[in-house]
Every structure is written in C-alpha cells, then in structure tokens.
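Nothing in this text is a laboratory measurement; each read-out follows from the coordinates by a stated rule. Predicted model, so just to flag it, every value in this text is computed and none were measured.
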C-alpha cells in the first residue's frame, strides 16, 4: 500500500503532511516486516522523532535522522520566484545542499502524491 500526502493550505501544513505520511508508511512497513527484521516499537518512535526541517531562502529541507546519521529526505520549494518549479513542489535531494531539479514529485498544495518512509517516489 502506498501512502498519499494530503493536500494542505499552507506550506507549513504541507511539511507536516509529508512527515505524517512518511511516519504512516514507516509504521506500515514495520508492521509487515517486524518478524523478518526484529523491529521493536522504539524504532517507530525514533523514526518519528528523527524527522525535522530547516527553512532556507529557496527551499525547505526535510531531514531524517536514524541513529546519529542525518540525511536529506526531500526539499520543498519555498519561493514563488523559481524559474522552473511552483511554490510547494516536492523535490528529491541531489545531495545535502541542493535538490534534484529534474522533476517535482508532487506539490503540497495539490496533495495526493505518493510518499514512502524512505522519501518521495519517482513519478
């Protein structure tokens, strides 16, 4: 089952919707794989608490942290002046500092795009 991100009225609510969808997908994945991978309940809490975000001039970076290693989960376009993307577009990371600017994976204002606990899916 693929979890869909709900549509949001604000960029802040969209960030929370992305986090909620990824947590929901992680919980579903751990339920299906708990015997295979010996997943404990505290893993779910650790995943949920490890999601954070930072706001930059052009993008909002959503970060996930497992153990002590942070990684970029996705970027959300935070400006109306981007030449290629709309405000609220969700982009895969190209690295820690910048997104992959090839194609949006969804838009937080439109919603209804797939999200996994590992990040936004390729469309």
Chain lengthening between residue 10 and residue 87 when straightened (0.36 nm per residue, less Cα-Cα): 26.7 nm
Value of Rg to Rh for the chain (Rh from inverse mean 1/r over Cα pairs, i.e. Kirkwood): 0.98
Relative contact order of the chain, pairs being alpha-carbon contacts under 8 Å that are 6 or more residues apart, as %: 30 percent
Difference of contour (0.36 nm per residue) and Cα-Cα distance, residue 28 to residue 71: 13.3 nm
Nearest-ten-degree value, helix 11-37 long axis tilted from longest Cα axis of the chain: 30 degrees
Ellipticity estimate at 222 nm from DSSP helix runs (n ≥ 4, -39,500 (n - 2.57)) divided over the chain, nearest 500: -10000 deg cm²/dmol
Rh by Kirkwood over Cα pairs, then Stokes-Einstein D for segment 59-123 at 0.692 mPa s and 37 °C, µm²/s: 272 µm²/s
